[in-house]
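First comes the structure, then the notes that go with it.
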Amino acid sequence: MNFSILDVPSFAHEGRHIGVASSYLASLQSGDTESTSVIMIGAGSGLAPFRGFVQQRSALAGNGVKLPEACLFHGCRKPGFDDLYADELSSWQDDGVVKVYHAYSRAPEKANGHKYVQDALWAERAQITELWQRGAKLYICGSHKIGSAVAEVVQKILSSANLVHGDAKQWWKSMRNVRYAVDMFD
């Protein structure tokens, strides 16, 4: 794998532009271990980066590495239609590599009533709260609409657990690239 860390003057000449994953990559130190739980949230093609995350976790687990908890909240229209990598995800879940929560916008009855990923997040708010309190990192990939909806429900979850003090939106902004990262597109 090749990568680089992006940290350059912004195009607007106001401050710095840091790449989406660069803050995280720059923080890595020799000898770091896989000790941080992850919460991955994506819909549609927003699943793509998380497949790689989970493939890596599967390889590590296959080599006997004990991994922290990971959950993936994945949304699409309906199972058997656009439920990408469903067999792989199911296999990885069976192997204990990741806990997968589905949301199906056209078949919510097949996803415990979850129409959108934010519905699944809200239903699993106790787990989200527990993982956040243990230092989990949260990753969001998908459209701007999904990113905004997820941000809103995560703020609501953590505020209701008294983990946010002051303005939730300002707090959420301050956590970007510290506790969560986003890759949004339209």
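Readers should treat all values here as calculations from the given coordinates under stated rules, not as data from a laboratory. Since the structure is predicted, the reported quantities are computational estimates derived from the model, not experimental observations. Every residue, glycine among them, receives a Cβ derived from its backbone with ideal geometry; neighbour counts consider all protein chains shown.
Between Lys115 and Gln55, the contour length at 0.36 nm per residue exceeds the Cα-Cα span by 19.0 nm. For region 34-184, the Kirkwood hydrodynamic radius comes to 15.6 Å, computed from all pairs of different C-alpha atoms.
Maximal additional length on extending the Ser160-Glu88 stretch stands at 22.5 nm, based on 0.36 nm per residue less the C-alpha distance. Sorting Phe81, Phe50, Phe73 from the fewest to the most surrounding beta carbons within 10 angstrom yields Phe81, Phe50, Phe73.
Computed extension length for Arg134-Phe185: 15.4 nm, one decimal, from 0.36 nm per residue of separation with the Cα-Cα distance subtracted.
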